[in-house]
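What follows is a single structure, written as structure tokens, with notes after it.
The values are calculated or read from the model by the stated rules, or taken from the named source; none is laboratory data. Predicted, not measured: the structure shown is a model, and the values here were computed from it. For neighbour counting, all protein chains shown are included, and Cβ atoms are generated from backbone atoms with ideal geometry for every residue, glycine included.
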Amino acid sequence: MQKDPFRTRDHVADFDDIVTDIVARSAATRATLPMVASVAYGNGTAERLDLFFPPGERKNLPVHMFIHGGYWRMFSRSDYSYVANTVTKAGAIAVIVDYALMPEFRMAAIVEQVRRAKQWVLDNIGDHGGDPGRLSVSGHSAGAHLATFLFEKTPMPSCIREALLLGGLYDLKPLQTCFLEPLIGITDEETTAFTPMTRRHDPKTAVTILVGEEETPPFHQQAADFSLRLRQQGLAVHDLCLKHRNHMNSVRDLGVAGTQGGDCLMEMIVRTRG
């Protein structure tokens, strides 16, 4: 039987080992980096974020938000604390965002949550030594999908200088007939309303689109299609295929210095310091 191209576990032999590794890396990050944990950005129980800081004086620092993946149905911010290692090494404040999960919550609620998280950063990060005028965002998989809603053309300005999208989902239609159908049941209405390919984006946001070389064909196609769409809307886009990387080890790399993915994230954040 043909494997479902969207079911990551079928295509990443060491899926569980990588998850165990990133969870351990995240625990070590929380134990070693200065942080403020479980900051409420809204009233919902899942509407929380963690802040991680580089050493030294905190004044007008760049700020970077990271949104985790998991097909909108699994993982949490605590599993991805390790991304803050790269962010803080680049001299920025890391904002690791949580959101409620499907199917209990629907796409509209989740998109509004990440928008509220961004607004909290814009309104409050100055109190923590951050500069809301030097804000960037990244996301992986479903998190890349959610990140696109933070640099839309309306309302303007988006206030996002740069975005890094890794292994993202930019067309929801194919997901209605994959393994996710009985798990989260993406509706026709959600597909129409929340497919990034059909939306308008802020031409002032520079976007880096990454995809692992060993990803399945739909991820490569969606990355290429969304890249073209953004260029047609006037955005500056940089595309990169990560050598020898799949859907899981590519996101682990975001917290590992010297990897293609980690270096891309570092370089993007450094650019926002200027």
Of 83, 114, which residue is more than 18 Å from residue 190 (Cβ to Cβ) and crowded, with 20+ Cβ neighbours inside 10 Å? 83
Reported set for the stretch 187-197 where residues are touching a residue at least 40 places away in the same chain (Cβ under 8 Å) and among the hydrophobic types (A, V, I, L, M, F, W, C) is 193, 194
For the stretch 142-164, check the following and say yes or no: at least one residue is at pLDDT 95 or above, closer than 17 Å to residue 205 by Cα and over 18 Å from the mean Cα position of the chain (by Cα). no
Has the stretch 48-64 got at least one residue that is in contact (Cβ under 8 Å) with a residue 60 or more places away in the chain, surrounded by 20 or more Cβ atoms within 10 Å (Cβ to Cβ) and farther than 14 Å from residue 128 by Cβ? no
With the checklist (1) within 14 Å of residue 47 (Cα to Cα); (2) assigned to a loop (DSSP other than H, G, I, E, B); (3) in contact with a strand residue (DSSP E or B) (Cβ under 6 Å, 6 or more places away or on another chain) in hand, flag the one item residue 69 doesn't pass. (1)
So, in the stretch 112-134, exactly how many residues are in contact with a helix residue (DSSP H, G or I) (Cβ under 7 Å, 6 or more places away or on another chain), over 12 Å from residue 60 (Cβ atoms) and in contact (Cβ under 8 Å) with a residue 40 or more places away in the chain? 2
If the Cβ limit is 9 Å and pairs must be 6+ apart or interchain, which residue in the stretch 8-29 that is surrounded by 15 or more Cβ atoms within 10 Å (Cβ to Cβ) and among the basic types (Lys, Arg) pairs with which residue that is assigned to a helix (DSSP H, G or I) and modelled with pLDDT of 95 or more? 25/85; 25/252
By residue number, the members of the stretch 203-214 that are surrounded by 23 or more Cβ atoms within 10 Å (Cβ to Cβ) and either among the aliphatic types (A, V, I, L, M) or in a loop (DSSP other than H, G, I, E, B) (or both) are 205, 207, 209, 210, 211
Contact list, first residue from the stretch 154-171 and free of Cβ contacts under 8 Å to residues at least 60 places away in the same chain, second anywhere and acidic (Asp, Glu) and assigned to a loop (DSSP other than H, G, I, E, B), beta-carbon distance below 6 Å, six or more apart or interchain, is 158/202
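Please determine, by comparing only the residues of the stretch 73-96 that are under 15 Å from the mean Cα position of the chain (by Cα) and of a type in the set (A, V, I, L, M, F, W, C), which one is farthest from residue 272 (Cα to Cα). Spell out how you get there, then give the answer.
So the first thing to find is which residues in the stretch 73-96 are under 15 Å from the mean Cα position of the chain (by Cα), and the list is 73-84, 86-87, 94-96.
Narrowing the set further to residues that are of a type in the set (A, V, I, L, M, F, W, C) leaves 74-75, 83-84, 87, 94-96.
Numbers: 74: 31, 75: 28, 83: 17, 84: 16, 87: 12, 94: 13, 95: 15, 96: 18 Å.
Applying the filter and picking the extreme gives 74.
For the stretch 236-245, indicate whether the set of residues that are touching a residue at least 12 places away in the same chain (Cβ under 8 Å), part of a helix (DSSP H, G or I) and small (Gly, Ala, Ser) is non-empty.
Of the stretch 236-245, the ones touching a residue at least 12 places away in the same chain (Cβ under 8 Å) are 236-245.
Going one step further and asking which of them are part of a helix (DSSP H, G or I), we end up with none.
No, the stretch 236-245 has no match at all.
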Look at the stretch 1-59 and say how many of its residues are more than 21 Å from the chain's Cα centre (by Cα), among the hydroxyl-bearing types (Ser, Thr, Tyr) and part of a loop (DSSP other than H, G, I, E, B). 0
Which of the residues that make up the stretch 173-186 are touching a residue at least 24 places away in the same chain (Cβ under 8 Å) and either in contact with a Gly (Cβ under 8 Å, 6 or more places away or on another chain) or outside any helix (DSSP H, G or I) (or both)? 178, 179, 180, 183, 184, 185, 186
Of the residues in the stretch 118-151, those that are in contact with a Lys or Arg (Cβ under 7 Å, 6 or more places away or on another chain) and hydroxyl-bearing (Ser, Thr, Tyr) come to 136
